[in-house]
Amino acid sequence: MATRSEPRLQAIAAKPASPAWWRNPDVRAVIYQVLALLLVILIGTYLVSITMHNLEVRGIRSGFGYLDHEAGFRVGETLISYTAADSYGRAIIVGLLNTLRVSIIAIVLATIIGTVVGIARLSKNWLLAKLASGYVELVRNIPLLLQLFFWYSAITGLLPAVSAAVELLPGIYLSKSGLMYPVPVESPAHLWMASAFLVAVVASVFYTRWANRRQETTGVRPPVVQVVALLIVGLVAAAWLAGGAPTAFDAPAKSRFTYTGGASISPEFLALLLGLTIYTAGFIAEIVRSGILAVPWGQTEAASSLGLRRGLVLRLVVLPQALRVIVPPMTSQYLNITKNSSLAVAIGYPDLVSVTNTTLNQTGQAIECISIMMGIYLTISLAISLTMNWYNKRVALVER
Amino acid sequence: MSETQAFAETPVAEPTRVDLTRDWVRRRLFDGPWNSLLTILAIAFLVWAVPPALNWFFFDAVWSGGDPAACRGAEGACWAMVHDKYRLILFGRYPYMEQWRPFLGMLVLIAAVAVSCRRANWKLWLAGVWIAAFAVFFGLMWGGFLGMTHVRSELWGGLPLTLLLAMAGIAAAFPLSIVLALGRRSKMPVIRAICVVYIEFIRGVPLISLLFMASFMLPLFLPEGISIAALLRAQIAIILFSAAYLAEVIRGGLQALPNGQVEAAQAIGLSYWQTQRMIVLPQAIRMVIPPIVNTFIGLFKDTSLVAIVSLTDLLLAMRQAVADPEWRVYFVEGYVFIAMIYFVFCYFMSKYSQYLERDLYTGNRRS
């Protein structure tokens, strides 16, 4: 038996003739990669050479030197001081700040509205659930740009002129030129109040940590919500009193044809904010709903049987688990808001794309302008992704 | 035994329909003070919002007349505007007498979609149907034979243009996205890096910047004397854009496929491409068809962005139609009209995707 199988074993043990080198998967992998790289480089150099030639023919000088030149155009709303005499570079920064401003506010508002609508869709209340799902279906199935145009046309076309502005709340006026609202008159007390607020927040964080430790060691939870509220309100109020308790408000006041004083929001900003918030809230509602549904019902039952109230069940048991499902898609919605804010160019809000587009039309520096625009968006996307990944790690399941 | 019988014999009043309804109302609407408050608020909102909306939309609306004067005194919507302008809204600046061609072409594309919706038709011949549908569509739109006059692509517009951008976008992006998805999962670092950079770059910038790139930078990339139409440039941007998003969807399907499938294919001696073509892709793509439909819905809505680079899609055609000074005040009707068109398309596609999701899950299970 053993002797009969020996030659066969030998045959197997003998190394077969090694295959030709081009059949070796490792060699092939290297060849494929070198070829792919060469192809990319070839296409790249071809495009660059043609572009260089085209630029030369058209007499366009490439480079970023134009950023220091005088822009010569005005920007409707700015967060930092800017005049037409400033440089293109500064104009682009103004645009970037406008993009960030509308994106951040829209992210906050859309998260709040989306969460409320998402929870409402799961409500036991039939009518409320149907209303919420009607909202979601409606806003998700109509293009954002259409909604933006609609809001902008509605604000500038249907609202009364500024001389007949509607008073929404005392001191707050809405008209086709936007929203006007009162602001407190600048005073040194505000700086004190802001510092007091920061101090109160830091103190609250330390207090909460101490309270948690105390609960873990003694089983008795010191009052947290009350103390934190008292700290924040008390310290800020104290700073306000110490600063001389300024009560002056700069309210919009009606002069003959228009309003003076106060602060205002442009109709472009209002339309963009409204459109972005309402549209994205529909998507966030779906994310929140699926996140909550992803938590097994047994978790809720177990928490209820421990005697937790409905609100506590949601806060202590369901939400922390739902967040794990919610955070990754929420990240992409935040990215979407930032990218979609570029639709501002269609309704004339001076965001990054709009300002860069004006710069492009004036200077003809297409490649540089579009590269700057894309580079900035990529940086913002990366920053949001990193922040949310960090948060995601915090809420992720800690496995043993 | 005797107990069950006794129980069975006890006369129990059958709950009537009224009882059931009352019970349902109590459970779903008036379950405690908080819920009751919500219900009352919701009813108050409906009473406040619905009758005026219905009055505006139906009862007080002016439906036809062809004259803005007819709408002057009306309280409700001025559908006369849409009645007067619907050809312009739906077909843009396409020559008026020739508009049966885009209409027919549109029907052909929609018919192709209808054929693709049936799961029994998911065979190779379906690709042939789509090629034929696009050929008929382009033939009709372009013209120049069978007595049809040639119509330049600058004049194409309205709903057919929107459908073309979305459908050709997804169809052309599909093969590219498969290559990208496979490349991103490749073991070769250079190939993987190229695919990752491409996908993340496209997903990191807004579509509008790609459209700007297509309209301002693409002409610089071409040799002298060659120029491509604005429509084709926008179409290229949309294809490159959707390929990156589609690649990520397909990658999800690839990741969900158990590794045993690939190992089994290798064990019976299939090459890499044979494995992908015959084993991996058919299963992976099947799994992600619902998210592909969702990507398509997003793309369909995103095509409206071409309005910003002055292509007369449905949105811009409508805006041009209401720019007529006579009808300008009735812009809301225009927006509502095209919003309904977008809504109908997107709503049915999303319902279809939900149906598929349910259907495919049972289909994957072994009976």
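The values are calculated or read from the model by the stated rules, or taken from the named source; none is laboratory data. Note that this is a predicted model, so its numbers are computed, not measured. Please note: Cβ atoms are built from the backbone with ideal geometry, for glycine as well, and neighbour counts cover all protein chains shown.
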*Select, from A:Q321, A:Q362, the only residue that is under 27 Å from A:G72 (Cα atoms), assigned to a helix (DSSP H, G or I) and more than 11 Å from every other protein chain (Cβ to nearest Cβ).*
A:Q362
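Only one residue in B:L180, B:L176 is touching a residue at least 24 places away in the same chain (Cβ under 8 Å), touching a helix residue (DSSP H, G or I) at 6+ places or on another chain (Cβ under 6 Å) and surrounded by fewer than 19 Cβ atoms within 10 Å (Cβ to Cβ), so which one is that?
Numbers: B:L180 fails: surrounded by fewer than 19 Cβ atoms within 10 Å (Cβ to Cβ).
It is B:L176.
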*Mind checking which residues of the range A:161-189 are away from chain B (no Cβ under 14 Å) and either in contact with a helix residue (DSSP H, G or I) (Cβ under 9 Å, 6 or more places away or on another chain) or of a type in the set (S, T, Y) (or both)?*
A:S163, A:Y173, A:L174, A:S175, A:S177, A:G178, A:L179, A:M180, A:Y181, A:P184, A:S187, A:A189
_When you scan the range A:73-94, do you find a residue that is more than 30 Å from A:Y349 (Cβ to Cβ) and either without any contact (Cβ under 8 Å) to a residue 60 or more places away in the chain or surrounded by fewer than 16 Cβ atoms within 10 Å (Cβ to Cβ) (or both), even just one?_
no
*Output the number of the condition that B:D359 fails; it satisfies all remaining conditions of (1) among the charged types (D, E, K, R); (2) crowded, with 18+ Cβ neighbours inside 10 Å; (3) under 22 Å from the mean Cα position of the chain (by Cα).*
(2)
*Does the range A:214-228 hold any residues that are assigned to a helix (DSSP H, G or I) and loosely packed, with under 13 Cβ neighbours inside 10 Å, and which are they?*
A:E216, A:T217, A:T218, A:V225, A:Q226
*Please give the number of the condition A:R324 fails out of (1) touching a residue at least 40 places away in the same chain (Cβ under 8 Å); (2) crowded, with 16+ Cβ neighbours inside 10 Å; (3) within 24 Å of B:R203 (Cα to Cα).*
(2)
*Identify the residue in the range B:187-200 that is in contact with a Lys or Arg (Cβ under 7 Å, 6 or more places away or on another chain) and surrounded by fewer than 17 Cβ atoms within 10 Å (Cβ to Cβ) and, among all such residues, is nearest to A:L382 (Cα to Cα).*
B:V196
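Kindly indicate which of A:L146, A:L158 is crowded, with 19+ Cβ neighbours inside 10 Å, without any contact (Cβ under 8 Å) to a residue 24 or more places away in the chain and within 10 Å of chain B (Cβ to nearest Cβ). If you could, list the steps in order and put the result at the bottom.
Working: A:L158 fails: crowded, with 19+ Cβ neighbours inside 10 Å.
None of the other options fit; the residue is A:L146.
Please verify whether B:F345 is closer than 30 Å to A:N336 by Cα, within 14 Å of another protein chain (Cβ to nearest Cβ), crowded, with 18+ Cβ neighbours inside 10 Å and free of Cβ contacts under 8 Å to residues at least 60 places away in the same chain, treating the condition exactly as stated.
On the way: closer than 30 Å to A:N336 by Cα: yes; within 14 Å of another protein chain (Cβ to nearest Cβ): yes; crowded, with 18+ Cβ neighbours inside 10 Å: yes; free of Cβ contacts under 8 Å to residues at least 60 places away in the same chain: yes.
Yes.
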*Evaluate the following for B:V108: is it in contact with a Gly (Cβ under 8 Å, 6 or more places away or on another chain), surrounded by 14 or more Cβ atoms within 10 Å (Cβ to Cβ) and β-branched (V, I, T)?*
no
*Filtered residues of the range B:314-329 (kept if touching a strand residue (DSSP E or B) at 6+ places or on another chain (Cβ under 9 Å), more than 10 Å from every other protein chain (Cβ to nearest Cβ) and at pLDDT below 85)*: B:W327
*Within the range A:89-112, is there a residue that is hydroxyl-bearing (S, T, Y), more than 20 Å from the chain's Cα centre (by Cα) and either modelled with pLDDT of 85 or more or farther than 30 Å from A:A281 by Cα (or both)?*
no
*Residues (surrounded by 24 or more Cβ atoms within 10 Å (Cβ to Cβ) and more than 10 Å from every other protein chain (Cβ to nearest Cβ)) located in the range A:338-353*: A:Y349, A:P350, A:D351
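What helices (runs of 4 or more DSSP H) completely inside the range B:90-201 contain at least 1 residues that are outside the structural domain of B:S310 (by TED's automatic domain parsing) and over 24 Å from the mean Cα position of the chain (by Cα)?
Details: elements: B:100-117, B:125-142, B:159-184.
Ranges flagged: B:125-142.
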*asked:* Among the listed residues B:V25, B:V47, identify the single one that is surrounded by 11 or more Cβ atoms within 10 Å (Cβ to Cβ), within 14 Å of chain A (Cβ to nearest Cβ) and of a type outside the set (S, T, N, Q).
replied: B:V25
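Return the only residue of A:L314, A:L335, A:L308 being out of contact with any Cys (no Cβ under 7 Å at 6 or more places or on another chain), free of Cβ contacts under 8 Å to residues at least 40 places away in the same chain and within 22 Å of A:G282 (Cα to Cα). Please lay out each step first, then the result.
Numbers: A:L335 fails: free of Cβ contacts under 8 Å to residues at least 40 places away in the same chain; A:L308 fails: within 22 Å of A:G282 (Cα to Cα).
The match here is A:L314.
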*Which condition number does B:R152 fail, the rest of (1) over 25 Å from A:L35 (Cβ atoms); (2) surrounded by 22 or more Cβ atoms within 10 Å (Cβ to Cβ); (3) more than 14 Å from every other protein chain (Cβ to nearest Cβ) being met?*
(2)
*asked:* Given the condition assigned to a helix (DSSP H, G or I), farther than 19 Å from B:I208 by Cβ and more than 14 Å from chain A (Cβ to nearest Cβ), answer yes or no: does some residue in the range B:293-313 qualify?
replied: no
_Of residues in the range B:35-80 being part of a helix (DSSP H, G or I), aliphatic (A, V, I, L, M) and modelled with pLDDT under 85, the one farthest from A:R310 (Cα to Cα)_ = B:A69
*What number of residues within the range A:238-275 satisfy the criterion of being β-branched (V, I, T) and loosely packed, with under 12 Cβ neighbours inside 10 Å?*
2
